[in-house]
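Let me begin by presenting the structure, written as structure tokens, before commenting on it.
Since every read-out is calculated from the coordinates, none of them should be taken as a lab result. The model shown is predicted, which means the values in this text are computed figures rather than measured ones. Neighbour counts run over all protein chains shown; Cβ positions are idealised from the backbone, glycine included.
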Amino acid sequence: FQNNSLSCHLASALQLFASSDRFVDTYARELITSYAHNEDVPVVLETFCMLLQTMKTPIPVDNDQRIDKYNRMHDLFHRLNHELPTNLRINKANDPGELITFIIDGLKDYLPITGNLFYYKLIQTLECKVCSKRMSIPAGQQSHSEIRIRPNYDNVAEDFDVQAFLTEFNDLTSDVEGRFCEDCKCNTAHINSETIVRPPAVILIKFKTQ
């Protein structure tokens, strides 16, 4: 996409979604089945689907066909921007991560199977720093979030490993102050850790150059 001032953030978010075949295929199937007997398909969902599928088509060898593809992409891009809620349009300088969160939340309302591709379950564990008592808090509801990591990979395409990413997340801890401990009978400092017990079906990985 050509950068039109603030459009780079929306373009980045769209390319993240288009990079997942599982997401694009699930989205297209659910859109058809959900509105099979109803012609009143939300324009923004239909436009988003057409844009994703256009982005996924192979780049033509013929130069005129290549130009036609990119012209159609840009036409759908601006049409989608027009249909998006005001807080997601390119006249707002949103971070790609915020845009992705808004889009996933919206998809879950209209296309729950597609939206749930990004949801995972985790268990939170708190350990008292005084008596070492551990308390596990199971996550009752599926959740999704943006997880920030700093991988030290020379070649991301070859070296990145999803299982290593999940292990790195599970090894992260943080300090929590003023949490009540049943054994100590007072507020003490705790070590907080979170463990992913069911990974999401699709993980979007955003790499940002410094």
Compute the length gained on full extension between Q124 and I59: take 0.36 nm times their separation in residues and subtract their Cα-Cα distance, giving the result in nm to one decimal. 18.9 nm
Ordering of 174-184, 122-132 by burial proxy (mean other Cβ atoms within 10 Å per residue, highest first): 122-132, 174-184
The FRET efficiency for A28 and I191, from their Cβ-Cβ distance with R0 = 45 Å and rounded to 0.05, is 0.50
